[in-house]
1. If only one of Glu139, Glu184 is under 30 Å from Gly385 (Cβ atoms), modelled with pLDDT of 95 or more and not in a loop (DSSP other than H, G, I, E, B), which one is it?
2. So for segment 318-327 (the condition being assigned to a loop (DSSP other than H, G, I, E, B), β-branched (Val, Ile, Thr), under 22 Å from the mean Cα position of the chain (by Cα) and at pLDDT 95 or above), does at least one residue qualify?
3. Consider Ala431 against the criteria (1) modelled with pLDDT of 95 or more; (2) open to solvent by 10 Å² or more (accessible area, probe 1.4 Å); (3) among the small types (Gly, Ala, Ser); (4) outside any loop (DSSP other than H, G, I, E, B): it satisfies all of them except one. Which criterion is unmet?
4. Being loosely packed, with under 15 Cβ neighbours inside 10 Å, more than 30 Å from Arg145 (Cα to Cα) and of a type outside the set (Ser, Thr, Tyr) is the requirement here; does Glu43 meet it?
5. Please verify whether segment 434-441 includes one or more residues that are in contact with an Asp or Glu (Cβ under 9 Å, 6 or more places away or on another chain), open to solvent by 50 Å² or more (accessible area, probe 1.4 Å) and of a type in the set (Lys, Arg).
6. If Ser366 satisfies every condition in (1) of a type outside the set (Asp, Glu); (2) in contact (Cβ under 8 Å) with a residue 40 or more places away in the chain; (3) not in a loop (DSSP other than H, G, I, E, B) but one, which is the exception?
7. Going through segment 360-418 one residue at a time, which ones are closer than 30 Å to Arg430 by Cα and among the aliphatic types (A, V, I, L, M)?
8. Here is a list: His243, His233, His238. Which entry is touching a Lys or Arg at 6+ places or on another chain (Cβ under 7 Å), over 19 Å from Ser296 (Cα atoms) and not hydrophobic (A, V, I, L, M, F, W, C)?
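The values are calculated or read from the model by the stated rules, or taken from the named source; none is laboratory data. Computed from a predicted structure; not experimentally measured. Counting neighbours? That spans all protein chains shown, and the Cβs are built from the backbone with ideal geometry, glycine included. These accessible areas exclude ligands, DNA and RNA; they are computed on the full protein's heavy atoms, side chains included. Shrake-Rupley method; radii C 1.70, N 1.55, O 1.52, S 1.80 Å.
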Amino acid sequence: MSTNMAREKAEPVFCLGDNTYPVPMSLFATNRKRLCSALRKNESVPKGAVVVLQGGSEIGQDSTDVDLVFRQESYFQWCFGVTEADCYGIIEVETGKATLFVPKLPDEYVVWMGEIHSLGHFKAKYAVDDTKYTTDIAEALKEMRPSKLLTLRGLNTDSGKMTKEACFDGISSFAVENSLLHKEMTELRVIKTPQELEVMRYVNRVSSEAHKELMRRIRPGWMEYQAESLFKHHVYLHGGCRHVAYTCIGASGENGAVLHYGHAGAPNDKKVLDGDMCLFDMGGEYYCYASDITCSFPVNGKFTEDQKKIYEAVLKASLAVQKALKPGVSWVDMHLLADRVHLEELVKMGLIHGSVEEMMKLRLGSLFMPHGLGHLMGHDVHDVGGYSEGTPERPKEAGLKSLRTARVMQEGMVLTIEPGIYFNWPMIERAFNNPEWTRFLNREAFQRFRNFGGVRIEDNVAVTADGMEMLTCVPRSVSEIESHMQEGRQRYENSPDLGSLVPAKSS
């Protein structure tokens, strides 16, 4: 937090300089107030209950003494906005009073890590009611005499992992209830407050500008990882995003058909060749709020006829979903709408033929878009609540089973809309041998797309009272992309700043 900026404002904020967004601590106070209100309405929560949350801990790299850069546990962040590791938080349900517990640091901390701040410093920094040391948590709770400790235990339906339930020396002296809190907090995280939406608008602007700069500067001959590096540099330098929200996907050519390309086994290490389509799926994260944007474009700045047709088919699907999206519609129906548009456009191209209705019944669309249309987003890029208790179950059909939620849309949700058409050749060869699908496929036409890769267009949107708000702001039409990339070539063609990124020409 910028000390000077915090002093200048009546309310403490998280801010990394004049060019970054000041996140007010009232955002987290509002979240705590919402939580207490929901818990008070829950008849299963006894009077005198206290919420106890444990923050994240630093993680070491295997057996070394190197720590990975710390990022706060998301539920704890949602409640307290704390950047430090190894903290606890207590919230009295009846009063909303919040106490933050921070580690008591040894004297030698000042040598290796810096200043040891007082309890008053953390109270002011995070605008909580009280601060104590983590060694005093059991004693503090005994003084409160809570009827129950509400701890966080539940399944993340995206990762399949359980949340981190609070545990401390002396907890066995208290009555603990761990089945109520997770559902309440998760449902509250699904719906964003106006303050949260402001942060998400900001991180989308930062990430959009990074994508636009990448489109200006990309050239044939780059390595994919150089595109990743430029994106990370831009969101940190210009937006204060020390973290990205997920592993960057910097795919070109045939790699664009690999949905989560960029992992350790395929680390964005291909040379980008003239004529390649690029599919760059990258999003910055600011103060644990995520963005998730994908831009697809030809590296040389000019679409071929086939690239244009595939791209415009995906864009048409995206626009159709944007037009239909509003509270009350099913996310499954939005996915099916995108599927239908894709199939209709692929029929026009001559890649497939036959009845689109029959293709829909047989789920042929999953050959071209095997992933779900999009996902909830917030403190996590694949945010919680997709398949919470009481929400529609995960569909079982091809393509639909990959949806990260089947919920009905509500005002305040933030989601990605990310239709895509991919030519994953092993999957296509299987389709040729699928008796239900092969009769729809034009084998000869498919040969032109053997090394095409794929196109994905991914935007972040907030559901409003009567539709949606677009948070992402990048060129999307073919003409906009070509014009933007041409402007970048004029700007950077003779720039020495670009020199190290362009391979030397052989004599």
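1. Of the residues listed, the single one that is under 30 Å from Gly385 (Cβ atoms), modelled with pLDDT of 95 or more and not in a loop (DSSP other than H, G, I, E, B) is Glu184.
2. The answer is no, given that none of the residues of segment 318-327 is assigned to a loop (DSSP other than H, G, I, E, B), β-branched (Val, Ile, Thr), under 22 Å from the mean Cα position of the chain (by Cα) and at pLDDT 95 or above.
3. (2)
4. Here the answer is no, as Glu43 does not meet what is asked.
5. Looking for residues that are in contact with an Asp or Glu (Cβ under 9 Å, 6 or more places away or on another chain), open to solvent by 50 Å² or more (accessible area, probe 1.4 Å) and of a type in the set (Lys, Arg), one finds none in segment 434-441, hence no.
6. With respect to (1) of a type outside the set (Asp, Glu); (2) in contact (Cβ under 8 Å) with a residue 40 or more places away in the chain; (3) not in a loop (DSSP other than H, G, I, E, B), Ser366 is out only on (2).
7. Met360, Leu362, Leu364, Leu367, Met369, Leu373, Ala398, Leu400, Leu403, Ala406, Ile417
8. His243
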